[in-house]
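Single-structure report; data block below.
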Amino acid sequence: MKIAVLKETAAGETRCAAIPETVKKLVGLGAEVAVESGAGAGASVTDADFEAAGAKTCSRADVLKGAGIILAVTGPDPKSLDGAEKGAILIGSLDPARRREDIEAYASAGLEALAMEWMPRITRAQSMDILSSQSNLAGYKAVVEAADAYGRAFPMMMTAAGTVSPAKVFVMGVGVAGLQAIATAKRLGAQVSATDVRSATKEQILSLGAKPIFVENVAGIEGEGAGGYATEMSDEYKAAQAELVSSHIAKQDIVITTALIPGKPAPRLISDAQVASMRPGGVIVDLAADAGGNVEGTVAGENVVKHGVTIIGAVNLARSLAADASALFARNLFNFLSAFWDQEQGRPVLPDDDEIVQGIRLTQGGKIVNERLTAA
Ligand code: NAD
């Protein structure tokens, strides 16, 4: 089985779908690995590093030739896959909801496309979960960006010239990114509070030494919610949340928002009036910018200043930590491949009735087969 690793071509993409460690492990499974020349450059991995790990490095046409598996970070332009074998498995973050035409083109080319971001949130799949691995890094980087844009220090400092007060950081949405943001802000010495609609997060917030801020008079989501995800909340809950947040946010220096609802635009958590209530010099990092934003006035990919408050429309922050993001992403791909690898056949076997396969398989036999796409 030959495995091709593509060099990413999307604007701003720095990551690579393999690192020398995963190349070695794939070779250990009995695969032959071909990496497109320069694929690791953005993540500080040279062609020589890949070759030392047992891969060949060559042109796109040569890596695709005879490959049964194609690994990518973002979904490649279907035209750039000319020469790929019919039946080859294409694995990556393929963004199926927004790239419908490209997914159709993968089907027409006879590729079996697997979208890793549609991995079900089940225990068995945790080590294959690219959303978690990349969100974790994004949560960390959001705090670093906030600290950079903030004209004051995070920790309390007692100096001969007087005391510097600690920054007050509020994290809204305590999933994978939010938890890492809380932990990072705590490490930097900030006073941290956090909120979520899922009651299960309260204990997690406390365990990180932060203060939970929760709507108490209207029921939120008990426990973890379906598959660990939030749903859209009732109007009554939204009103109670807005009131609670209004009184809290006016006292905050930094707000990190991470709230997402799968398949829906991001919930609006902060209004323009609430931004105006913060003190000038405050910073908001909106990690939901790409999904429409949690904050009124967020512009995806840009920093805007409103009422003296900097709103950072953070997009794909994991890309700015290319080496770690590539390593985690590459291990997610390896963990998936090795879990389904059949030693005797020397290739992965993907059973139709497996929950993971059903979740991520988009195309097969020339057709779109994923329910989430056929129902749309
Ligand atoms: P996410 O990115 O979908 O959302 C981020 C957070 O925003 C969530 O905690 C969500 O509850 C919260 N949120 C949504 N609407 C909100 C609102 N109106 N106000 C405040 N907060 C709001 O979430 P995620 O980071 O992907 O993680 C969600 C859950 O899934 C977590 O419990 C996580 O531990 C779990 N998880 C499980 C697995 C697994 O078992 N394989 C893998 C990853 C995550």
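Measuring nothing but protein heavy atoms, the accessible surface of the chain at 1.4 Å probe radius is 51 percent carbon and sulfur.
Among 236, 302, the sequence by solvent-accessible area, most first, with a 1.4 Å probe is 236, 302.
Counting charges near residue 316 (Lys, Arg +1; Asp, Glu -1) among other residues having Cβ under 11 Å from its Cβ returns a value of +1. Looking at the chain, the accessible area is 44 square angstrom per residue; that uses a 1.4 Å probe and ignores ligands, DNA and RNA. In this structure, the pairs whose alpha-carbon distance is over 19 Å, taken from 168/238; 25/56; 25/141; 202/306; 186/211, are 168/238; 25/141; 202/306. A 1.4 Å probe, protein heavy atoms only, puts the accessible area of residue 233 near 30 Å².
Surface listing: 317, 188 arranged by accessible area from highest to lowest gives 188, 317, probe 1.4 Å. When 114, 287, 208 are compared by accessible area at a 1.4 angstrom probe, the order from most to least is 208, 287, 114.
Each of 29, 254, 316 was scored by the projection of its Cα onto the charge dipole of the chain, and the greatest displacement toward the positive side belongs to 254; charges sit on the C-beta of Lys, Arg, Asp and Glu. Only Lys, Arg, Asp and Glu carry charge here, each on its Cβ (+1 for the first two, -1 for the last two); on that basis the chain has a dipole of about 760 debye about its Cα centre. In the chain, helical runs assigned H by DSSP with n ≥ 4 each contribute -39500 (n - 2.57); averaged across all residues and rounded to the nearest 500, the mean residue ellipticity at 222 nm is -9000 deg cm²/dmol.
The residue among 182, 237, 218 whose Cα reaches farthest toward the positive pole of the charge dipole of the stretch 182-259, with charges on the beta-carbon of Lys, Arg, Asp and Glu, is 182.
Please say if the stretch 266-376 is rounded, prolate or oblate, where rounded means a/c under 1.5 for a ≥ b ≥ c the square roots of the C-alpha gyration tensor eigenvalues, and otherwise the choice is prolate for a/b larger than b/c and oblate otherwise? Judged from the Cα gyration tensor, the stretch 266-376 comes out prolate (a/c at least 1.5, a/b above b/c). For the stretch 193-327, the dipole from Cβ point charges (+1 on Lys and Arg, -1 on Asp and Glu) about the Cα centre works out to 280 debye, to the nearest 20.
Bridgeable lysines around residue 367 (alpha carbons under 28 Å apart, same-chain partners fewer than 8 residues away excluded): 2, 7, 65, 79, 86, 264. If you wrap the tightest convex hull around every Cα atom of the chain and split its volume per residue, you get 148 Å³. Think of the chain as having a plus end and a minus end, set by charges on the Cβ of Lys, Arg, Asp and Glu; of 335, 113, 349, 335 sits farthest toward the positive end of this dipole. Solvent-accessible area of residue 168, all protein chains in place: 80 Å² (probe radius 1.4 Å, heavy atoms, ligands and nucleic acids excluded). Across all C-alpha atoms in the stretch 290-334, the radius of gyration and Dmax reach 14.3, 47 Å.
The values are calculated or read from the model by the stated rules, or taken from the named source; none is laboratory data. Remember, it's a predicted structure, so these values are computed and weren't measured experimentally. Neighbour counts run over all protein chains shown; Cβ positions are idealised from the backbone, glycine included. All accessible areas refer to the heavy atoms of the entire protein, side chains included, with ligands and DNA or RNA removed. Shrake-Rupley method; radii C 1.70, N 1.55, O 1.52, S 1.80 Å.
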